[in-house]
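Asker: First the structure, which I've put down as structure tokens, then a few questions once you've had a look.
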Amino acid sequence: MKTVTIQTLRAMKDAGEKFSVLTCYDATFSRRINEAGIEVMLIGDSLGMVLQGHDSTLPVTLDDMVYHTAAVKRGNQHCLIMADLPFMSDASIPQLLENAARLMRAGAHLIKIEGDAWLAPGITELTQRGIPVCAHLGLTPQTVNQLGGYKVQGRGEAGQALVDAAIKLEAAGASLLLLECVPSEVGKAVTAAVKCPVIGIGAGPDTDGQVLVLHDMLGVTVGKTAKFVKNFMAESNSIADALAAYHQAVKSGTFPAEEHCFK
Ligand code: KIV
Ligand code: NA
């Protein structure tokens, strides 16, 4: 398989081809995800919840992210590696640049930051220095205390605001966008409004790519999972089969189905 770059994803969007993304936190799963043909691995700060047992992503440190990014890189063969900047690691432009650089040195090919239209100046600073950026919009788990819970975002007029933010962040230099927990129509509108690929999680079937948390799609997450999650292990005999089934379901457009989406 050929090495996946942001240009690969861009060409796939132009060709109307879907791509799949999974979170990954270690070298063994990194190798398995590569073997399944999945295009992108995300070292998500969701590791604070699924690996560390916290009840939010806020306690995750940059050192944690660097450690896991380096492990995922060691198992990688051809996937594009994206790493999250954790809570408050972008508190100023100098901090943003230095912390993004640490993730890149650990093996990331691009970094992801949570926010809104206000991310634009930081995205420009990073991209000018050769660090591609994915802007995470909609439900941004690092702001859960301000949002009052993990709730659907972008309903009503807020939907148009998300489209406007997406256009602004692409103009600022964003290479990818990620939309979490928004109505399917908003996922569709944002995806149509920008040339850069858009990854969705609970954002409907029309985004260019889909992402899930590894532990959720393998059915090992403890407790209730979100509406947008599908357990691919339920119909598979092995982890390898479940990863391959997820990839195929995203490619063919059978995932997400109606029941995984918000109206
Ligand atoms: O941290 C994470 O896993 C994420 C995805 C859920 C998008 O940001
Ligand atoms: Na995250």
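Where a number appears in this text, it was derived from the coordinates with a stated rule and is not lab data. Given the structure is predicted, the values throughout are model-derived calculations rather than measurements. Positions of Cβ are generated from backbone atoms using ideal geometry, with glycine treated the same way; all protein chains shown enter the neighbour counts.
Asker: Can you put R102, R74 in order of Cβ neighbours within 10 angstrom, beginning with the fewest?
Answerer: In order of increasing Cβ crowding within 10 Å: R74, R102.
Asker: Between V222 and E17, what length comes free when the chain is fully extended (0.36 nm per residue of separation minus the Cα-Cα distance, one decimal in nm)?
Answerer: 70.5 nm is the gain from fully extending V222 to E17.
Asker: Can you sort M49, M217, M41, M1 from fewest to most other Cβ atoms within 10 Å of each residue's own Cβ?
Answerer: Placing the least packed residue first, the sequence is M1, M49, M217, M41.
Asker: In nm, what is the difference between 0.36 nm times the number of residues separating Q7 and A171 and their Cα-Cα distance?
Answerer: 57.4 nm
Asker: Explain nothing, just the number: relative contact order of segment 6-260, from Cα pairs under 8 Å at least 6 residues apart, as a whole percent.
Answerer: Relative contact order for segment 6-260 comes out at 18 percent.
Asker: At 7 Å along the Cα-to-beta-carbon direction for both A158 and R105, put a label point, then send me their distance in nm to one decimal.
Answerer: 3.8
Asker: Another question, if that's okay. Determine ³J(HN,Hα), in whole Hz, for all residues of segment 239-250 in sequence, where each value follows from phi through the Karplus function 6.51 cos²θ - 1.76 cosθ + 1.60 and θ = phi - 60°; x replaces Gly and Pro.
Answerer: So the Karplus estimates, Gly and Pro as x, are 4, 4, 5, 5, 5, 5, 5, 4, 4, 5, 5, 5 Hz.
Asker: Let me ask something else. Where nothing but the Cβ of Lys and Arg (+1) and of Asp and Glu (-1) is charged, how large is the charge dipole of the chain around its Cα centre, in debye to the nearest 20? Show your work: numbers first, answer last.
Answerer: Numbers: 22 positive and 27 negative charges, 86 e Å.
Using Cβ point charges on Lys, Arg, Asp and Glu, the chain gives about 420 debye.
Asker: A further question follows. Over 27 Å between Cα atoms: which of K73/K251; K2/K224; K73/K188; K13/K230 fall into that group?
Answerer: Where the Cα-Cα span goes over 27 Å, the pairs concerned are K2/K224; K73/K188.
Asker: Something else: Starting with the fewest neighbours, write out I81, I239, I93, I111 ranked by other beta-carbon atoms found within 10 Å of each beta-carbon.
Answerer: Fewest to most other Cβ atoms nearby, the residues stand as I93, I239, I81, I111.
Asker: Dipole of segment 6-260 (Lys/Arg Cβ +1, Asp/Glu Cβ -1, origin at the Cα centre): which of A171, N237, V198 lies farthest to the positive side?
Answerer: N237
Asker: Choose one answer from A203, A83, A120: the residue with the largest mean-square fluctuation in a GNM of the chain with alpha-carbon springs under 10 Å.
Answerer: Result for the chain, Cα springs under 10 Å: A120 fluctuates most.
Asker: Going toward the positive end of the dipole of segment 6-260, with +1 on Lys and Arg Cβ and -1 on Asp and Glu Cβ, which of S184, G16, S92 do you reach last?
Answerer: It is G16, whose Cα lies furthest towards the positive end.
Asker: Using θ = phi - 60° and the Karplus form 6.51 cos²θ - 1.76 cosθ + 1.60, what ³J(HN,Hα) does each residue of segment 95-110 get, whole Hz, x for Gly and Pro?
Answerer: Calculated HN-Hα couplings, in order: 5, 4, 5, 5, 5, 5, 4, 5, 5, 5, 5, 6, x, 5, 9, 7 Hz.
Asker: Another question, then. Whole-Hz Karplus ³J(HN,Hα) for segment 76-86, in order, using 6.51 cos²θ - 1.76 cosθ + 1.60 and θ = phi - 60°, x for Gly and Pro?
Answerer: The phi angles translate into 7, 10, 9, 6, 7, 9, 10, 10, 7, 7, x Hz.
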